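Here the structure comes first, spelled out in structure tokens, and everything after it is commentary.
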Amino acid sequence: MKQTISYKLNPTQEQERHLSNLGYYATKLYNTDNYQRRQEWEKTGKIPNAYVQKKALKNNVWFKLLPSQSAQEVCFNLQNNYKSWFKLRKKNKEANPPRFRKKEMLSPITFYQQFKIIDDKIILSVSRKYKEEKGIQNLQIEFSKWKEGIGIAKMCQIVFNKGWFAN
């Protein structure tokens, strides 16, 4: 059985700045990926899949600033958006492709194996490049525990919605 629990994070100002940076980088990566896919669509009439895009973007600055699986998840998210667009186009030829995200929007950051939950803290790993640039090893953020989870968490998605939450 899958279970989703949402926790309100209580980041310090510095941690909030780091979370904002990661959300901003995810938005920039999404838009870069979207731009490249649209360029390919105009040239060939085909959209490259997420695996092709991951290879094309692996040296991109935004890709390197995010943890690897988080960056890959951005590519898969956009691929799902394009799949949805293709289905919609079968019914409505006027349907528009996925839009670019506004630059002030903070995209969700997904962590798979790069996080741990210890007591009332979540520990998030950051990429090697982010460690070098910002001088931190990881983010240890306290959260408000309101429901005890059963089992082992496999995925954590950090979102900003009038506050920081971990799902």
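The values are calculated or read from the model by the stated rules, or taken from the named source; none is laboratory data. Keep in mind that what you see is a predicted model, and the values were worked out from it rather than measured. Every residue, glycine among them, receives a Cβ derived from its backbone with ideal geometry; neighbour counts consider all protein chains shown. Side chains are part of the model used for accessible areas, which takes the heavy atoms of the whole protein and leaves out ligands, DNA and RNA. Shrake-Rupley method; radii C 1.70, N 1.55, O 1.52, S 1.80 Å.
So here's what we get for this one:
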item	result
R0 of 45 Å, Cβ-Cβ distance Arg38-Ile136: FRET efficiency to nearest 0.05	0.85
Over region 49-89: Rg over Rh, Cα atoms, Kirkwood Rh	1.05
Accessible-area composition of region 7-124, carbon plus sulfur, in percent [1.4 Å probe]	48 percent
Percent breakdown of C-alpha pair distances by 5 Å bin, ordered from the shortest bin, for region 93-132	5, 15, 13, 17, 15, 14, 8, 6, 5, 2, 0
Accessible area in square angstrom per residue, region 79-167, 1.4 angstrom probe	73 Å²
Residue-averaged 222 nm ellipticity for the chain, from DSSP H runs of 4+ at -39500 (n - 2.57), nearest 500	-15000 deg cm²/dmol
3J(HN,Hα) from dihedral phi, region 98-112, Karplus parametrisation 6.51/-1.76/1.60, rounded to Hz, x for glycine, proline	x, 7, 6, 7, 5, 5, 8, 6, 9, 6, x, 10, 9, 10, 9
Cα long-axis angle, helix 13-44 against the chain (0 to 90 degrees, to the nearest 10)	10 degrees
Charge context of Arg38, other residues only, Cβ under 15 angstrom, K/R +1, D/E -1	+3
Gyration tensor (Cα) of the chain, equivalent ellipsoid semi-axes in angstrom	31, 19, 14
Degrees between helix 68-91 axis and first principal axis of the chain (Cα, 0 to 90, nearest 10)	40 degrees
When region 110-167 is reduced to its Cα atoms, the Kirkwood hydrodynamic radius in Å	12.5 Å
Charge-dipole axis of the chain as Lys and Arg at +1 and Asp and Glu at -1 on Cβ define it, positive-most pick from Leu57, Thr110, His18	Leu57
Space enclosed by the convex hull of the alpha-carbon atoms of region 65-153, per residue, Å³	161 Å³
Inter-part distance where region 32-83 and region 1-25 are each reduced to a Cα centre, Å	23 Å
